[in-house]
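Worksheet for the structure shown next.
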C-alpha cells in the first residue's frame, strides 16, 4: 500500500529524491501530489511538498481508479458547449465507452485565433465564433485570472488529462497550476483528435437553436442548418454568454 506524506519541508537547493531516500528508505518510488513555496521568512525560503510513496513493485497506476467501460445502449448523450465543462464531460463519457455528440456554435482553436485577430485589428466581429464561443470556451483567451478554488476529487483527473494532451508535467503538483494560453492552443486539437478516436462526434461551427421536448423529457435538438439529433440526455455547458439558448 502506498503512503501519503504531507508538509515535507526542503531547502531550495535540496533534492526531493535524496530526501525521500534518506528519510523513507523503504520507498521504492514516489509521486509528487503538491508543491508550494513557503517564503514567509524572507531569508529562509523553503519548498513544501506532499508526496505519495510507493513500495517496491507499486506505482501511481495502482492508486488511480480504473475507468471501466459502461454498458450503454441508449442514444448518444448530447453536450452543448465545447468549453472546459463540455470537453471534459465528453472525455469522461467517451473514455467509458458512452457515445456522445459535442456541439459548439464557434470554430476550432485556429479558426477562433484568426477571427479574434480580425476583430482586434479591423473591428470585424463574428457573433458565432469569438472570445466567448468556440473550442476551448472563453478561457482560451484568458489573461490568467481564471482559477479554481474548489477542492474537488476530480481535479487530479483533469490535470492528468491535460498533461496527457501536452500540458507541462508540473501542473499536477504546483500549488497554483497554470497551463498557459499558448500551450492550451496546442493542446486542444490533440484533445479533439483523441475524443474523435474514442467515438465522440464533434460538431463545431454548429449552433444549437431548438430542443425537442415531449412530456417534459428531452428527445433531441435542432441545429441552425436544420439537422435533428435524437437523444434522451442533454448537458448544457454553454457558459454565461449564450443567453439565447435559454430564451
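The values are calculated or read from the model by the stated rules, or taken from the named source; none is laboratory data. Please read all numbers here as calculations on a predicted model, not as lab measurements. When we count neighbours, we look across all protein chains shown, and the Cβ atoms used for this are built from the backbone with ideal geometry, even at glycine.
Worth pointing out:
- Picking from residues in the range 1-41 that are outside any strand (DSSP E or B) and in contact with a helix residue (DSSP H, G or I) (Cβ under 8 Å, 6 or more places away or on another chain), the one that is surrounded by the fewest Cβ atoms within 10 Å (Cβ to Cβ) is 2.
- Residues of the range 42-54 include none that is exposed (fewer than 14 other Cβ atoms within 10 Å of the Cβ) and under 30 Å from the mean Cα position of the chain (by Cα).
- Selection of the range 108-127 for residues being assigned to a loop (DSSP other than H, G, I, E, B) and closer than 17 Å to residue 86 by Cα yields only 108.
- Counted residues, the range 209-219 - those being more than 19 Å from residue 244 (Cβ to Cβ) and in a strand (DSSP E or B): 3
- Positions within the range 76-90 being in contact with a helix residue (DSSP H, G or I) (Cβ under 9 Å, 6 or more places away or on another chain), modelled with pLDDT of 95 or more, within 19 Å of residue 184 (Cα to Cα) and not in a loop (DSSP other than H, G, I, E, B), in sequence order: 87, 88, 90
- Of the residues in the range 198-213, at least one is closer than 30 Å to residue 52 by Cβ and either at pLDDT 95 or above or in the same structural domain as residue 88 (by TED's automatic domain parsing) (or both).
- Subset of the range 168-193 [surrounded by fewer than 18 Cβ atoms within 10 Å (Cβ to Cβ), within 23 Å of residue 94 (Cα to Cα) and out of contact with any helix residue (DSSP H, G or I) (no Cβ under 8 Å at 6 or more places or on another chain)]: 186, 190, 193
- Taken over the range 91-104, the residue count meeting the criterion of being in a loop (DSSP other than H, G, I, E, B) and out of contact with any helix residue (DSSP H, G or I) (no Cβ under 9 Å at 6 or more places or on another chain) is 2.
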